[in-house]
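Asks: Provided herewith is a single structure, encoded as structure tokens, for subsequent inquiry.
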């Protein structure tokens, strides 16, 4: 697939986990390019290597061998402090379980990454956190606690937290896995809007109907890329929500 400017370049990537008794080869020589502004869905069965790849892309883990370049920086040669700096500046994370702090407000959850930013003295933390919540449609829920928010609202807080440092890439690992059908599509509408604003999004999912909201799908099997293709008729989440009658989710089931 031809791309104009590469954000991610991966060559011969291998990841082996040594459990002491046996070695598990999670990635077996992956080659992959992802361009600026792409919305990529990664699919595959449990154990296929997709989450391992996401952890390496997110600078949370090192490959055993091979090369990973992020914006022309060879990531697998960096030390832990350098990796942490890359994560803080360039990458936002969204997880299936939301990972919000229960006793802090939406605003406090979102501002947390800014408190670890080495340049936070130069930042208007309050404005950045408020703006991030506005962008995901939660401007009127800033001071609500997680237990006062629905699952979809909690995930949008998590998305706001992921983007508050204004990263160029958002990595989402099964972000709709704990949500009902309609709420899942609402979350995908949020991701599509962020992607239209220029953010590169890489999303792991096991659901084909969720992957259809991405522009490109990469399927993994047994540590290899099985298929890599452009979605010909990308679904638009905002349109699906408009078509869903009240009381019926956008996939056609009762809410």
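Quick note: the coordinates plus some simple rules give every number you see, no bench work behind them. All values reported here derive from a predicted model rather than from experimental measurement. Here Cβ is always computed from backbone atoms with ideal geometry, including for glycine, and neighbour counts include all displayed protein chains.
Asks: Over the chain, what is the relative contact order in whole percent, taking alpha-carbon pairs under 8 Å and six or more residues apart? Let's see the in-between values first.
Replies: Working: 500 pairs, mean separation 63.3, N = 255.
With pairs under 8 Å counted, the relative contact order is 25 percent.
Asks: Do me a favour and compute the ellipsoid semi-axes for the stretch 21-67 from its Cα gyration tensor, root of five times each eigenvalue, largest one first, whole Å.
Replies: On the way: eigenvalues 85, 36, 19 Å².
Square roots of five times the eigenvalues give 21, 13, 10 Å.
Asks: Take every DSSP beta bridge whose two residues both sit in the chain, then give the antiparallel share in percent to the nearest 5. Let's see the in-between values first.
Replies: On the way: 24 of 43 bridges.
Around 55 percent antiparallel, to the nearest 5.
Asks: On to the next question. Taking a temperature of 25 °C and a viscosity of 0.890 mPa s, what whole-number D in µm²/s does Stokes-Einstein yield for the stretch 144-186 with Rh from Kirkwood over alpha carbon pairs?
Replies: On the way: Rh = 11.2 Å.
After rounding, the answer is 218 µm²/s.
Asks: When a/c reaches 1.5 or more, the comparison of a/b and b/c decides; with that in mind, is the stretch 87-205 rounded, prolate or oblate per its Cα gyration tensor? Display every interim value, and only then the final one.
Replies: Details: a/c = 1.69, a/b = 1.20, b/c = 1.41.
Oblate is the answer for the stretch 87-205, as a/c is 1.5 or above yet b/c matches or exceeds a/b.
Asks: Most exposed first by the Cβ proxy, i.e. fewest other Cβ within 10 Å, how do 69, 143, 107 rank? Can you show the working numbers first?
Replies: Working: 69 16, 143 10, 107 21.
Final ranking by Cβ density, sparse to dense: 143, 69, 107.
Asks: How many times 2.2 N^0.38 Å is the alpha carbon radius of gyration of the chain? Walk me through the intermediate numbers first.
Replies: Values: Rg = 18.4 Å, N = 255, 2.2 N^0.38 = 18.1 Å.
Its radius of gyration relative to the 2.2 N^0.38 Å reference: 1.02.
Asks: For the stretch 134-188, what's the relative contact order in percent, using C-alpha pairs closer than 8 Å and at least 6 residues apart?
Replies: On the way: 25 pairs, mean separation 21.7, N = 55.
In percent, rounded to a whole number, it is 39.
Asks: For the stretch 175-236, what D do you get in µm² per second when you plug the Kirkwood radius from alpha-carbon pairs into Stokes-Einstein at 4 °C and 1.567 mPa s? Walk me through the numbers before you get to the answer.
Replies: On the way: Rh = 12.4 Å.
Diffusion coefficient, whole number: 104 µm²/s.
Asks: With the cut-off at 1.5 for a/c, could you classify the stretch 1-92 from its C-alpha gyration tensor as rounded, prolate or oblate?
Replies: The shape class here is oblate.
Asks: So, one more: If each DSSP helix of 4+ residues adds -39,500 (n - 2.57) and the sum is divided by the residues in the chain, what number results at 222 nm, nearest 500 deg cm²/dmol?
Replies: On the way: 8 runs with 80 residues, N = 255.
For the chain, the value works out to -9000 deg cm²/dmol.
Asks: Starting at 0 and stepping by 5 Å, how many percent of the alpha carbon pairs of the stretch 59-126 end up in each bin?
Replies: Result returned by the calculation: 3, 13, 20, 20, 17, 14, 8, 4, 1.
Asks: Using Cα-Cα distances under 8 Å and only pairs 6 or more residues apart, what relative contact order does the stretch 54-145 have, in percent?
Replies: Numbers: 58 pairs, mean separation 20.6, N = 92.
Result for the stretch 54-145 is 22 percent.
Asks: Using Cα centres only, tell me the gap between the stretch 133-167 and the stretch 78-100 in whole Å.
Replies: Taking the Cα centre of the stretch 78-100 as reference, the centre of the stretch 133-167 is 18 Å away.
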